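S.K.: Sharing a structure here in structure tokens format.
The values are calculated or read from the model by the stated rules, or taken from the named source; none is laboratory data. The shown structure was predicted, so the numbers you read here are calculated from the model rather than taken from an experiment. Cβ placement follows ideal geometry from the backbone for every residue including glycine, while neighbour counts extend to all protein chains displayed.
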Amino acid sequence: MDWEKIYSQAMHWVREAGEKIRSSFDQTLDIQTKSNPNDLVTNMDKEIEQFFIRKIKQEYSDHKILGEEGFGDQLESMQGIVWLIDPIDGTMNFIHQQRNFAISLGVYEDGVGKVGLVYDVVHDELYHARRGNGAFLNKKPIPLLEKATVKEAIIALNATWVMKNHRIDHNLLIPLARDARGTRSYGSAALELIFVATGRVDAYISLRLAPWDYAGGAVIVEELGGIITNLRGERLDCLSQDSVFAAKPGLHQTILEEYLKNGKW
Ligand code: IPD
Ligand code: CA
Ligand code: CA
């Protein structure tokens, strides 16, 4: 498999898609809801996913595609080459703010992330990695991550998980939020993973993400020495929704052992 070709085509397509999104900013969006009134989708989410699928299928008819908006394939396994696409991660931000969203794309082989791209469309910042070849922001190499302590850490964490919610006992994450230097919430899992990868935050926790939310960012985080698992410390399988915990090396283990081990995640 010519991974260099896949990598450069993926980057080219992501930039092209970004251009389409930027030029949609002065058009009226068609906004619909999905599973609940706050689960939003626009015509652009759908158009961008279809754009990627056309490009990938034209070039690689045997590759499989898992896309958030459902235009790709139904996957039963991660065998072979699978593209995982979130055409707009942070749709609510896209609609309300026209910023703080990203295109996320991961290309996996037999369940192993080979290429990861997260494109911050508004800032024209493409974060990208090919496994074993370093990670970059546009053309600039991103340095490897260094260790951090909880008391000096900024943790990206949605307020939902420290308020009464139907998924977890909301008391479980309060000690971590209290002991950390600060918490942040940006509304785009792909960008939050990039913030871990670039050291802008030290860790990111979500109780429920879909594979397309984290597939691209995970490759970049791991390429820089960061660790990404579910909240039980297990490897993510890209086939199901799961909790996600990404952090700097060292800090990942400390948080798992000292703050997460008693939770039922
Ligand atoms: C959402 C964002 C958000 C996360 C949600 C995701 P979407 O993706 O990544 O930060 O908390 O769980 O569904 O719907 O905007 O692509
Ligand atoms: Ca998403
Ligand atoms: Ca999305």
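S.K.: Output the residues belonging to the stretch 89-100 that are within 11 Å of ligand 2 (Cβ to nearest atom) and either assigned to a loop (DSSP other than H, G, I, E, B) or β-branched (Val, Ile, Thr) (or both).
M.R.: Passing the criteria: 90, 91.
S.K.: Scan the stretch 163-182 and give yes if some residue there is of a type in the set (Asp, Glu) and surrounded by 23 or more Cβ atoms within 10 Å (Cβ to Cβ), otherwise no.
M.R.: No, that holds for no residue.
S.K.: Oh, and also: Any residue at all in the stretch 231-242 that is within 15 Å of ligand 2 (Cβ to nearest atom) and of a type in the set (D, E, K, R)?
M.R.: Yes: the stretch 231-242 contains one or more residues that are within 15 Å of ligand 2 (Cβ to nearest atom) and of a type in the set (D, E, K, R).
S.K.: Still on this structure, please answer the following. Let me spell it out: the conditions are (1) exposed (fewer than 12 other Cβ atoms within 10 Å of the Cβ); (2) modelled with pLDDT of 95 or more, and residue 35 meets all of them except one. Which number is the exception?
M.R.: Condition (2) is where residue 35 drops out.
S.K.: Can you tell me how many residues in the stretch 186-227 are within 16 Å of ligand 2 (Cβ to nearest atom) and of a type outside the set (A, V, I, L, M)?
M.R.: Number satisfying all stated conditions: 14.
S.K.: Take the residues in the stretch 224-265 that are surrounded by 20 or more Cβ atoms within 10 Å (Cβ to Cβ) and among the charged types (D, E, K, R); name whichever of them is farthest from residue 84 (Cα to Cα).
M.R.: 248
S.K.: Which residue out of 48, 53, 21 is at pLDDT 95 or above, among the aliphatic types (A, V, I, L, M) and under 18 Å from the mean Cα position of the chain (by Cα)?
M.R.: Just a single option satisfies the conditions, and that option is 48.
S.K.: Right, another one. Restricting attention to the stretch 21-43, report how many residues are of a type outside the set (Asp, Glu) and away from ligand 1 (no atom under 12 Å from the Cβ). Break it down stepwise before answering.
M.R.: Taking the stretch 21-43 as the starting set, the residues that turn out to be of a type outside the set (Asp, Glu) are 21-25, 27-29, 31-38, 40-43.
Pick out the ones that are also away from ligand 1 (no atom under 12 Å from the Cβ) and you get 21-25, 27-29, 31-32, 37, 43.
Selection size over the stretch 21-43: 12.
S.K.: While we're looking at this one, here's another question. Looking only at the stretch 33-55, which residues are free of Cβ contacts under 8 Å to residues at least 40 places away in the same chain and touching a Phe, Trp or Tyr at 6+ places or on another chain (Cβ under 6 Å)?
M.R.: The answer is 49, 50, 53.
S.K.: So which of 30, 73, 62, 26 is among the acidic types (Asp, Glu), away from ligand 2 (no atom under 16 Å from the Cβ), in contact with a strand residue (DSSP E or B) (Cβ under 8 Å, 6 or more places away or on another chain) and more than 24 Å from residue 238 (Cβ to Cβ)?
M.R.: The match here is 30.
S.K.: Being under 11 Å from residue 206 (Cβ atoms) and among the β-branched types (Val, Ile, Thr) is the filter here; which residues of the stretch 157-189 pass it?
M.R.: Result: 160, single match.
S.K.: Any idea which of 86, 73 is within 11 Å of ligand 1 (Cβ to nearest atom), at pLDDT 95 or above and either acidic (Asp, Glu) or not in a loop (DSSP other than H, G, I, E, B) (or both)?
M.R.: One residue alone meets the criteria, 86.
S.K.: Taking the stated definitions as given, is residue 94 at pLDDT 95 or above, surrounded by 13 or more Cβ atoms within 10 Å (Cβ to Cβ) and more than 11 Å from ligand 1 (Cβ to nearest atom)?
M.R.: no
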